[in-house]
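*Asks:* Can you keep this structure in mind? I'll have questions shortly.
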């Protein structure tokens, strides 16, 4: 399943798991609420320093906050089609390590643990545990993997005032996309710590495609790292499935982008085993501009499975599946459809 709401992208500074699929539908838009429009449209004069902060500076502050604070909370993700999912989060850090647990409160029961790059997901109904490693930075925003100049070329930041979210005062930052290859964002950053407490993904007209927000949040909560670690390691009674891939490079695999896509940088390339047993496995090439992230999945074309080309979207997430050079390419990410098309067209054999 490709189309899904992903607070793992929207609130990876505070949440870090993908909610279960909520279906695929044609992309629509929903207007901002009156209170949101009032809060952002009639903002007080910017505080000293905030009016001049660049997008990269705001995003660095948000990412630093997620590494320095323990918190617990409940967040809700909703799409333009009215779909909604919620999860409960426990997050703790000790200065060098981060550990968290995210429990789904809607849809399929699941508990996802992340310890730095290791991800362990418990599916209690199936008695299955899925383990994997992810070397794509993990956090929202991915500023450690993207140069400040690239971020500032892709987004223009504007301080839009203050609002309360989950009982906490927050700065409202508007991030306007510099071109048609990415969505805009409105981000609420907790005033004292910088934690992301709410994110809206906006289309070119400023309409909300997707939103993720805490409904309640306790900052500096007494989260026990050892206890979470034991829960993560306790797989007794579960079948463990490991999906670790082998790090590689596009060049070594014989692929390249003939034309680079503005402000998007290559983050990682991993070869994974194909669960369908296809020859050569599955190659995943990940790109990010510091906010938006997308993946190119490349596998050998199989006429029995790859019956027709697909273009789909739900909320801010879109996907394209096409045949190319004897391979089947799936492009998926929180970007406009034309961005995925650009990547697929630029993908070429070396």
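No lab work stands behind these numbers, since they all come straight from the coordinates. Model, not experiment: these values are computed from the prediction. Note that we place each Cβ from the backbone using ideal geometry, even for glycine, and neighbour counts take in every protein chain shown.
*Asks:* Starting with the highest mean, order 172-180, 103-111 by the number of other Cβ atoms within 10 Å, averaged over the residues of each peptide. Write out the running numbers ahead of the final one.
*Replies:* Working: 172-180: 18.8, 103-111: 15.8.
My ranking of the peptides, most packed first, is 172-180, 103-111.
*Asks:* Using alpha-carbon positions, what is the distance between the centroids of the stretch 232-301 and the stretch 74-100, in Å?
*Replies:* Using only Cα atoms to place each centre, the spacing works out to 23 Å.
*Asks:* Also, quick follow-up: At a 10 angstrom cut-off on C-beta neighbours, averaged per residue, how do the peptides 86-93, 343-350 rank from highest to lowest? Intermediate results must be reported in sequence, preceding the final value.
*Replies:* Numbers: 86-93: 20.9, 343-350: 15.6.
In descending order of packing, they fall as 86-93, 343-350.
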